[in-house]
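Here is the structure we will look at.
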Amino acid sequence: MARIALADDGLEFDGRGADTGALGGAETAFVRLAEALAARGHAVRAYTKGGARTRHKGVDWAPLAEFADDAPDLYVANRGHRLLDLARGARRTAFWLHNDAAYLNKWRYAARLFVRRPDLVFVSESHRARAPFWLPGDKRTIPLGLEDGYRNDPERDPPPPVALYAANPLRGLAELAAWWPEIGGTLIAHSGADLYKVKPRTRAAMDQALAAARQTPGIELRPLVPRAALIDILRSARVFLYPGDPTETFCLSVAEAQALGVPCVVMARGALPERVRHSETGFVAGSRADFVAAARRLMGDDALWRRLHAACLATQRNRGWDDMAADFEKLIT
């Protein structure tokens, strides 16, 4: 058994948030890693900004301001470079990155890495490739896992031709609005700005994307939903459409859709080609025309849908949170 400490200085949450489904992908991964490590027999403490002192699913949660684990066997600093000032006596330190790693090209962010020299943990190969080559420390790729509820669905018949988008509005919603007249049919878009703490300029861009969707015939704009509710929404979708962003590091929503057997159409951006197997579990488009053509095919071709649906279930749901925890465990074994 190892002593493991994890810390996050982003949003305010604790272990209970993942069960209610009120967290984003990075926060959900943080909670599930802590729980999976505890389930593997380790003594795990997790510290978050504004978190309450509680014990949940084998993990001791506490406010970040009360951080008290100076010498754990493994210390995982989640996203925030300032967290590398903590747990100086740790036997092994991992800096777990979720956002675009190119930001470390600035000295004010990278300086602590040269002092601490942690293992750098990325969530995809494309994520790792965007990190500056000169950064110190071992570099590892540890993909995220999936909830067990996403990993056991049987094959089902093709649903009605209703497409789904469920993500940050800046991950391609405005593009879908512009392309939708060429695709046709119905698109349900679960998106919004309220979940995100962003600067006014970014909020304005989100509002513009949402307005474009709201004004496009055939698109039904609905609020973002908790992750616990998203699973049934994904099951009912014919296809998950997601243009994405060049800085995409993983995309848990696409991974979850694939695990449930939902074919996806994505652009060849960031980590999305690692989530979707082109022409096998969906389509990775290199252009607007390719994206539109693939979406139209999947909306109308039942035989194609069945083939991709079966391949999704066979190949895209094999990795759970325990697998991810086992990879982190290798840092200290």
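Assorted remarks:
Conditions (1) more than 23 Å from N318 (Cα to Cα); (2) modelled with pLDDT of 95 or more; (3) among the basic types (K, R); (4) out of contact with any helix residue (DSSP H, G or I) (no Cβ under 6 Å at 6 or more places or on another chain), marked per residue:
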site	(1), (2), (3), (4)
L234	no, yes, no, no
V239	no, yes, no, no
P246	yes, no, no, yes
V254	no, yes, no, no
A259	no, yes, no, no
C264	no, yes, no, no
S279	no, yes, no, yes
G286	yes, yes, no, yes
F291	yes, yes, no, yes
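- In region 131-144, the residues that are outside any strand (DSSP E or B), touching a residue at least 12 places away in the same chain (Cβ under 8 Å) and either surrounded by fewer than 16 Cβ atoms within 10 Å (Cβ to Cβ) or on the phi < 0 side of the Ramachandran plot (or both): A131, P132, L135, P136, D138, I142, P143, L144
- Screening region 271-286 for residues that are open to solvent by 30 Å² or more (accessible area, probe 1.4 Å) and of a type in the set (G, A, S) and picking the one that is farthest from L304 (Cα to Cα) gives G286.
- Pair list, Cβ under 8 Å, 6 or more apart: region 237-258 residue open to solvent by less than 10 Å² (accessible area, probe 1.4 Å), other residue among the basic types (K, R) and assigned to a loop (DSSP other than H, G, I, E, B): P243/R269; G244/R269; Q258/R317
- Which numbered condition H278 misses (of (1) out of contact with any strand residue (DSSP E or B) (no Cβ under 6 Å at 6 or more places or on another chain); (2) more than 14 Å from G172 (Cβ to Cβ)): (1)
- Residues within region 209-229 that are open to solvent by 10 Å² or more (accessible area, probe 1.4 Å), in contact (Cβ under 8 Å) with a residue 40 or more places away in the chain and aliphatic (A, V, I, L, M), tallied: 6
- Contacts under 9 angstrom Cβ, first residue in region 25-52 being on the phi > 0 side of the Ramachandran plot, partner part of a strand (DSSP E or B), 6 or more apart: G50/P63
- Scanning region 314-333 for residues that are assigned to a helix (DSSP H, G or I) and open to solvent by 10 Å² or more (accessible area, probe 1.4 Å) yields A314, T315, W321, D322, D323, A326, D327, E329.
The values are calculated or read from the model by the stated rules, or taken from the named source; none is laboratory data. Quick caveat, the model's predicted, so the values are computed rather than measured. In this analysis, Cβ positions are derived from the backbone assuming ideal geometry, glycine residues included, and neighbour counts consider all displayed protein chains. Just the protein is used for accessible areas: all its heavy atoms, side chains included, with ligands, DNA and RNA removed. Shrake-Rupley method; radii C 1.70, N 1.55, O 1.52, S 1.80 Å.
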